[in-house]
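The values are calculated or read from the model by the stated rules, or taken from the named source; none is laboratory data. Keep in mind the model is a prediction, meaning the values are calculated, not measured. Glycine gets a Cβ as well: all are built from the backbone with ideal geometry, and neighbour counts include every protein chain shown. All accessible areas refer to the heavy atoms of the entire protein, side chains included, with ligands and DNA or RNA removed. Shrake-Rupley method; radii C 1.70, N 1.55, O 1.52, S 1.80 Å.
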Amino acid sequence: MNTLDRYTIAYKDLSIGVHRISMQVDDAFFKAFDNSQITSGTGSVEIELTKSESMLHLSIEIDSKIGVECDRCLEEVIIPVEYEATLIVRFSDVSEEFDGDIMWLTPAEDQLELAQYIYESIYLELPYQRVHEEDENGNLSCNTEMLEHFKIVTEEEFETIATKGDTSSIDGNDWSKLQGLKDKMTQK
Ligand SMILES: [Zn+2]
């Protein structure tokens, strides 16, 4: 059984009326998507599905904790993601694009696959900036070792390198020529 099959509803087996369906998302769920920026995650997906003759009406509530790479230190940061939406499923012989609100199925399709929908709903709720939050002292709780590692040179180190560069990278001969040139220019 595919990891994502758990997020499929065999709606044709359901009676007309209201049904409550609970699903859980976990690390395996997020790993099933290629190139996912989500590194881990746990959460619940609560669905109230109302089936009528012509359509399905789904009220979906997602409550999750999602792990993504921190923009500053690249360590994992856990971000709470909550999502609430209504999804309408209609049936048509002509396959139509999902516009975010209405999903279309052909009458031949007897299953409603929600894995992609759930994944994208969570993904789109993630904040643009993903960083470890500040602790009570106002320090970012990032991995400081990682931060040090990324900081190639501090400003102070840069100054030292720049100062040394004036003399050590030019040998004595070049240096005197340069000095001579400089003297000529200032004489003008
Ligand atoms: Zn961080």
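Observations on the structure shown:
- Subset of segment 67-101 (residues that are within 16 Å of the ligand (Cβ to nearest atom) and open to solvent by less than 40 Å² (accessible area, probe 1.4 Å)): 67, 68, 70, 73, 77, 79
- Filtered residue count, segment 4-19, keeping only those that are surrounded by fewer than 14 Cβ atoms within 10 Å (Cβ to Cβ) and out of contact with any strand residue (DSSP E or B) (no Cβ under 6 Å at 6 or more places or on another chain): 6
- Of all residues in segment 114-150 being away from the ligand (no atom under 16 Å from the Cβ) and assigned to a loop (DSSP other than H, G, I, E, B), the one that is nearest to the chain's Cα centre (by Cα): 114
- Only residues that are surrounded by 16 or more Cβ atoms within 10 Å (Cβ to Cβ) and not hydroxyl-bearing (Ser, Thr, Tyr) were counted in segment 34-66, giving 12.
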